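Participant: One structure is given below, represented as C-alpha cells, and several questions about it will come after.
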Amino acid sequence: MAEAEIIHIDTARGSPRNNRRERCAATTSAGRPCRNYATDDSGYCHIHSNVEVSRGRHPSRSHRSSDELRKEVPPAPPGFFEWAESFISRRLSGDYPVDDFGYDPELAREVLLPLAKPLYENYFRVRTYGIDRIPSEGPALLVGNHSGTIPLDAVMVQYAVANEHPQKRTVRNVAANLAFTIPFFGPLARKTGAAVAHNDDAQELLRRGEIVGVFPEGYKGVGKGWRERYKLQRFGRGGFVELALRMRVPVIPVAIVGAEEAYPMIGNAKWLAKALGFPYFPITPT
C-alpha cells in the first residue's frame, strides 16, 4: 500500500472543509479590499482582472529605477524655446525613456511636477521637516495619513521629495484602481510614477530601489468629514507592514498636517457619488 500524503489543514487550499481560496488583491472604488475570489494565478477576480491588464506593463519598456531613467534624460538647453523645441522633437520621435509602469521622468520633472509649485509654495505654503530622514539611495516605504477631501497631499509629498531632498528622489505613490480610470488624470498619474495599490507592483518597485508612497487609510481618510478631522481611519489589510518585512526595507512615517483646514468636508452627496461611481462626493466651502 502506498504511503498516504499528509496535507496540513492550514495549507490545504482545495480542501472542502476550509475552502481557503485566495481573495482578489485589488481595491474597490470605495477604497475597500475586494471581497471576490481570485479566478486564476493573477490574484484578481473576474471584475478586476481586465482592469489590471492595462497597468502599463510592456516588455519593451525599461525595468530600471527612477534614478537610472533620470540619467538618460538629456540636459535641458539654456533657453526656453530651445528646450521646448528639443522636448517636442523627442516626443514626436519617441526618443525618451519610460518604464514599464508608465513613469516618464522627463515629462514628470520638467512639465507636470512644476505645475504643483504654485500650490506648494503660494497656496498651501507647505513646510517640510525631517526630509533628510529619507535615505539618499535604496528602497523605502513612506507611510502617511490621508486627508484633505481631494488627494493633493500625495502630490505635495511627491513634490517635496523631488525638490527639497538632497538627492531629488522620486516618490512612487500607489493608489486604488479608481484613480487610473479617471479620464485625463489617470494617464497623468502614471506619467508621474504612480502605480496600482497591489503588492506585486509595490514589491517590484522596492526591488528596483524606489521610494514607495503608501496611504493605508485610502479613500476613508481623504473622504472623512469635518468631525473626523485628524482622526486616523481604519487601515486596509495592513499589507504595507507585511511588504516591509518581506522586502526588509525601512518604514518612514509621514505626518501631514493642515489638509483638513484647506478643504474642510462639511457634507457628502452620496446619491451623486453613487451616480458618478465615486466613493464619496464632497461638499466643501472652499
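The values are calculated or read from the model by the stated rules, or taken from the named source; none is laboratory data. Computed from a predicted model, the values in this text were never measured in an experiment. All Cβ positions, even for glycine, are placed from backbone atoms using ideal geometry, and neighbour counts span all protein chains on display. Side chains are part of the model used for accessible areas, which takes the heavy atoms of the whole protein and leaves out ligands, DNA and RNA. Shrake-Rupley method; radii C 1.70, N 1.55, O 1.52, S 1.80 Å.
Participant: Report those helices (runs of 4 or more DSSP H) wholly inside the stretch 208-276 carrying at least 2 residues which are surrounded by fewer than 17 Cβ atoms within 10 Å (Cβ to Cβ) and among the basic types (Lys, Arg).
Facilitator: The qualifying helices (runs of 4 or more DSSP H) are 270-276.
Participant: Turning to a different aspect of this structure: Anything in the stretch 185-236 that is basic (Lys, Arg) and farther than 23 Å from ARG23 by Cα? List them, or say none.
Facilitator: ARG190, LYS191, ARG207, ARG208, LYS224, ARG227, ARG229, LYS231, listed by residue number.
Participant: So, one more: Residues in the stretch 180-207 that are within 27 Å of LEU245 (Cα to Cα) and outside any loop (DSSP other than H, G, I, E, B): how many?
Facilitator: Total meeting the criteria: 12.
Participant: Another one. Could you give me the residue pairs with C-beta distances under 8 Å whose first residue belongs to the stretch 62-73 and is farther than 19 Å from SER136 by Cα, whose second residue is basic (Lys, Arg) wherever it lies, and which are 6+ apart or on separate chains?
Facilitator: HIS63/ARG208; VAL73/ARG109
Participant: Still on this structure, please answer the following. So which residues in the stretch 277-286 are in a loop (DSSP other than H, G, I, E, B) and either at pLDDT below 75 or open to solvent by 40 Å² or more (accessible area, probe 1.4 Å) (or both), if there are any at all?
Facilitator: Once the filter is applied, which keeps residues that are in a loop (DSSP other than H, G, I, E, B) and either at pLDDT below 75 or open to solvent by 40 Å² or more (accessible area, probe 1.4 Å) (or both), the stretch 277-286 yields PHE278, PRO279, TYR280, PHE281, THR284, PRO285, THR286.
Participant: Looking at (1) touching a Gly at 6+ places or on another chain (Cβ under 7 Å); (2) at negative phi, can you tell me which one GLY138 breaks?
Facilitator: Going through (1) touching a Gly at 6+ places or on another chain (Cβ under 7 Å); (2) at negative phi one by one, GLY138 breaks only (2).
Participant: For residues that are of a type in the set (Ser, Thr, Tyr) and not in a loop (DSSP other than H, G, I, E, B), scanning just the stretch 94-149, find the one that is surrounded by the most Cβ atoms within 10 Å (Cβ to Cβ).
Facilitator: It comes out as TYR120.
Participant: Let me ask you something else. Hey, any hits in the stretch 159-169 for a residue that's modelled with pLDDT under 90 and assigned to a loop (DSSP other than H, G, I, E, B)?
Facilitator: The answer is no; no qualifying residue exists.
Participant: If you scan the stretch 182-207, which residues turn out to be within 13 Å of the chain's Cα centre (by Cα), open to solvent by 50 Å² or more (accessible area, probe 1.4 Å) and basic (Lys, Arg)?
Facilitator: The answer is LYS191, and nothing else.
Participant: Give the residue, chosen from ARG90, ARG172, that is open to solvent by less than 40 Å² (accessible area, probe 1.4 Å), among the charged types (D, E, K, R) and over 15 Å from the mean Cα position of the chain (by Cα).
Facilitator: Every option except ARG90 fails the conditions.
Participant: Answer yes or no: is there a residue in the stretch 228-251 that is in contact with a strand residue (DSSP E or B) (Cβ under 9 Å, 6 or more places away or on another chain), in contact (Cβ under 8 Å) with a residue 40 or more places away in the chain and over 27 Å from ASP99 (Cα atoms).
Facilitator: Looking through the stretch 228-251, at least one residue is in contact with a strand residue (DSSP E or B) (Cβ under 9 Å, 6 or more places away or on another chain), in contact (Cβ under 8 Å) with a residue 40 or more places away in the chain and over 27 Å from ASP99 (Cα atoms).
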